[in-house]
1. Check whether at least one residue in region 59-66 is in a strand (DSSP E or B) and buried (at least 18 other Cβ atoms within 10 Å of the Cβ), and report yes or no.
2. Checking Ala84 against (1) part of a helix (DSSP H, G or I); (2) at pLDDT 90 or above; (3) within 13 Å of the chain's Cα centre (by Cα), which single condition isn't satisfied?
3. Of the numbered conditions (1) surrounded by 10 or more Cβ atoms within 10 Å (Cβ to Cβ); (2) of a type in the set (D, E, K, R); (3) part of a loop (DSSP other than H, G, I, E, B), Lys91 fails exactly one; give the number of that condition.
4. Select from region 38-55 the residues that are touching a strand residue (DSSP E or B) at 6+ places or on another chain (Cβ under 7 Å) and surrounded by fewer than 19 Cβ atoms within 10 Å (Cβ to Cβ) and write down the one among them that is nearest to Met90 (Cα to Cα).
5. State all residues of region 3-24 that are at pLDDT below 95 and either of a type in the set (S, T, N, Q) or not in a helix (DSSP H, G or I) (or both); if no residue qualifies, say none.
6. Among (1) farther than 23 Å from Leu38 by Cα; (2) among the basic types (Lys, Arg); (3) at pLDDT below 85; (4) not assigned by TED's automatic domain parsing to the domain that holds Thr40, which single condition is Arg89 missing?
7. Out of (1) in contact (Cβ under 8 Å) with a residue 60 or more places away in the chain; (2) closer than 23 Å to Ala107 by Cα, the odd one out for Thr83 is which?
Amino acid sequence: MVMKHPKSKRAHRIGGELQKVLAEQLRRLAGERFPGALITVSEVRVSDDLKVAAVYVSLHAEPQVTGEIQKAILRAASRLKRTAAETVRMKQLPELRFVWDDTMERADRIEQLLEQIRNPQSPPSEESGGLS
């Protein structure tokens, strides 16, 4: 799900507030249940009608744990929304839709490929999957 940047100042402001609140809540979730994992809320885009919020979440964890973290976040969505509602003043908080942001992983992969081009003698690393 890709949501356009909001045009209304209010939607933009609410997105910023939600980003701060949700980032803190997800940081706690990671600390409690997934030590060593880093969960970042890179952006929250709220629709101009204030009904839907796309929460872009970046996960930095061992690959075998990433799926578990995603499931835990989805299971905690209603609790996250309730807690956010205590901080963000609105009649009705937008529906939270989580979007898994893999921008950092893609950037790391591109950096690995560029490094292989700069140093063609170095063998491909295990992480890069041996692709060149």
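The values are calculated or read from the model by the stated rules, or taken from the named source; none is laboratory data. A quick note: this is a predicted structure, and the numbers were derived from the prediction, not measured. Counting neighbours? That spans all protein chains shown, and the Cβs are built from the backbone with ideal geometry, glycine included.
1. Yes, the conditions are met somewhere in region 59-66.
2. The failed condition is (3).
3. For Lys91, the failing item is (1).
4. Taking the candidates together, the pick is Lys51.
5. Scanning region 3-24 gives Met3, Lys4, His5, Pro6, Lys7, Ser8.
6. In the conditions (1) farther than 23 Å from Leu38 by Cα; (2) among the basic types (Lys, Arg); (3) at pLDDT below 85; (4) not assigned by TED's automatic domain parsing to the domain that holds Thr40, Arg89 misses (4) alone.
7. Thr83 satisfies every listed condition except (2).
Matching residues to (1) modelled with pLDDT of 95 or more; (2) of a type in the set (Ser, Thr, Tyr); (3) in the same structural domain as Pro94 (by TED's automatic domain parsing):
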position: Met1; (1), (2), (3): no, no, no
position: Leu38; (1), (2), (3): no, no, yes
position: Asp48; (1), (2), (3): no, no, yes
position: Val55; (1), (2), (3): yes, no, yes
position: Glu62; (1), (2), (3): no, no, yes
position: Thr66; (1), (2), (3): no, yes, yes
